[in-house]
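The values are calculated or read from the model by the stated rules, or taken from the named source; none is laboratory data. Bear in mind the structure is a predicted one, so any value in this text is a computation, not a measurement. Virtual Cβ from ideal backbone geometry, glycine too; neighbours counted across all protein chains shown. Heads up: the accessible areas ignore ligands, DNA and RNA and are worked out on the full protein's heavy atoms, side chains in. Shrake-Rupley method; radii C 1.70, N 1.55, O 1.52, S 1.80 Å.
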Amino acid sequence: MTAEDANNLRAAIASLYGMAGSEQQQANHWLNGFSRSLAAWQACLQLLDPSERPEVCFFCANMLLSKVRAEWHKLSSGQQASMGAMISNKFQLFAQYAQAKLAMQRLGLLLAAVASLSGAQACKTFAGQCVGMVSGGERGQYHMSDCALSMLTALGDEINNMDKSRRKELVAATSSHWADIAALAERFIPEHMVAGTYGLVHGALVCLQSWLRLSTDAGTTCRLSPGQLAAQHPAVLTCLFGLLGTSATEPVTAERIEGLACEMLCELLGPGTAGTTPQQERAAVDAAAAALLGLGDIALTPGHVGARVARCVAAVASALAQRDAETICGCAPPATSPTAAGNGRTVSNDSTRASGGQHVLPLAELMLHCIARPEREVCEAAVEYFLMVNTLPSEARHPQMVRPLYASLLQPLVHRHARYPAGFSSWNEEVNDDEEAFHRFRDQSLSELLETVYLMTGPTYLTHLQDTISTADMWQAVEGALYCLKAVACPVKNNLNCSQYHHLQQSNQLVQALLEDLCSPAGKAAAFLGNPYTCATAAGLVGAYAAWFAATTAAPLEGCQHCAHAVRGQASSC
């Protein structure tokens, strides 16, 4: 390498960031070619100096990171040792300048990559040095703690991206420091939450998440099962649950921390790593359900904070149900009915068939309250819970967890989440909702849950739609009800085509009445076909039930002409 290489590199970086057009393109082309050369190693190291401009230092550190990941194996062992020492020296140089945080963090990622590619002992030594930096940084040098957490996170990510044999070797080599990482939840995170140094809290959580994902088995997502984690490091789950509903002074920061804690809980408590002691795993799942119930008051609070916590509660409950539906949703000891909240009524239960946890019914009640909230993201997070409940045979559930539970969903789903927003006129004018998100939710999550609700409630579902339409005073109510009828077209038609279906006659009459009301000019639903969104849903509904129209002699075939005429009218007005 010559001094000219370093000068050319500096000039090219300046052109990349400071020029435009052809000069910027030429600089980018040159940099791409130079990055693959041997001279790039030394040129980047030479320009990694606090006296250089920040963008030059960052770019050079980033180029070295790419070269280490792609070309480290091409270097001899002597070259690797020499390069690693020089990079380490550069990091120590930048560590003396708090204002050079960005370049120092990038150098930290570079060191983590070097350590992961240098063998088991190098990984172990590097991890120990980083752990020491976290503790040392607590004495006022927060930027050092922050950088150390970033390096530990990067090391975990680098190891996790290794092939199976290398990952297994490096996970074993660094396992002696796992306890130090887990200990962050016991003291470091709570103390910095109190101190208001939320950046360190977030960094510690990301680090903890990275190391929790380090498993010697590529088929598992976590190094420990919930039962093992609760037994070996109980502070981790306690800390994560404690961060839900966090009261950070900065709302955006609080939301980031809370969201990350929720994500980690879902990974830890969802389907994944299996334990070896069933009783221990069941106790951990039951304890997690109790922790969710402890957040109930916050989750039911109106407003943004309540919505955030409710979404987290719903997401974690869904993850728990996916891991252990029997404990979360199965038969439980006597408790207050989830559909009779506040009335003090107690439902009986045969203890001989009890297989669920003690929190089954209270958790179901909390989930009903969550799904009754107006926020779509809360409902979306709760959907999986109610789907998982229905994976258990009816006889394996408490009576209140069968038909009554799903009947309780009709009101919030049909009257709130299936409807267009109140005051909605068009997506071009709507500022509080997103068209893609609305339709994705209705056509995927909501439709799947509606099918389950119909299968569990049968004629009650259809009667509820009929009552909703008959009392409607706005198009959103009618359109929402028609959509809910369209969403269950397949199971409805299957039931009506089955001569053994218990509610065949009643269901046939209800479907006929609903479709006659839509297709008859005098019908209540038909009166709202002048709205384009109602009309579009009605057209889809008629198409979904086309086979039923053709097969049923009593079907209002002539009335379909009225609906078709309305559709044509809407199409011509567009």
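Brief remarks follow.
- LYS67 vs. criteria open to solvent by 20 Å² or more (accessible area, probe 1.4 Å), out of contact with any strand residue (DSSP E or B) (no Cβ under 9 Å at 6 or more places or on another chain) and in a helix (DSSP H, G or I): no
- Per the conditions (1) touching a residue at least 40 places away in the same chain (Cβ under 8 Å); (2) assigned to a helix (DSSP H, G or I); (3) open to solvent by less than 70 Å² (accessible area, probe 1.4 Å), the sole criterion not satisfied by CYS44 is (1).
- Which listed residue, of ALA422, ALA418, ALA372, is under 23 Å from ALA319 (Cα atoms) and among the small types (Gly, Ala, Ser): ALA372
- Candidates SER247, SER215, SER165 - the one that is free of Cβ contacts under 8 Å to residues at least 40 places away in the same chain, of a type outside the set (A, V, I, L, M) and not in a helix (DSSP H, G or I): SER247
- Per-region count, the range 73-109, residues among the aromatic types (Phe, Trp, Tyr) and within 14 Å of CYS44 (Cβ to Cβ): 2
- Test: residue in the range 335-358 that is modelled with pLDDT of 90 or more, open to solvent by 30 Å² or more (accessible area, probe 1.4 Å) and of a type outside the set (Gly, Ala, Ser): no
- Test: MET151 is over 21 Å from LEU229 (Cα atoms) and either open to solvent by less than 10 Å² (accessible area, probe 1.4 Å) or in contact with a strand residue (DSSP E or B) (Cβ under 8 Å, 6 or more places away or on another chain) (or both): yes
- Test: TRP30 is of a type outside the set (Lys, Arg), at pLDDT 90 or above and either open to solvent by 30 Å² or more (accessible area, probe 1.4 Å) or on the phi > 0 side of the Ramachandran plot (or both): yes
- Restricting the range 460-475 to residues that are open to solvent by 10 Å² or more (accessible area, probe 1.4 Å) and outside any loop (DSSP other than H, G, I, E, B), the residue that is farthest from PRO421 (Cα to Cα) is THR460.
- Of all residues in the range 381-422, those satisfying the criterion of being under 18 Å from SER447 (Cα atoms), part of a helix (DSSP H, G or I), in contact with a Leu (Cβ under 8 Å, 6 or more places away or on another chain) and of a type in the set (A, V, I, L, M) are VAL383, LEU387, VAL389, LEU405, LEU413, VAL414.
- Residue list for the range 84-129, filter: open to solvent by 20 Å² or more (accessible area, probe 1.4 Å), outside any loop (DSSP other than H, G, I, E, B) and polar (S, T, N, Q): SER88, ASN89, GLN92, GLN99, GLN105, GLN121, THR125, GLN129
- Yes/no for LEU387 being modelled with pLDDT of 95 or more and either crowded, with 23+ Cβ neighbours inside 10 Å or not basic (Lys, Arg) (or both): yes
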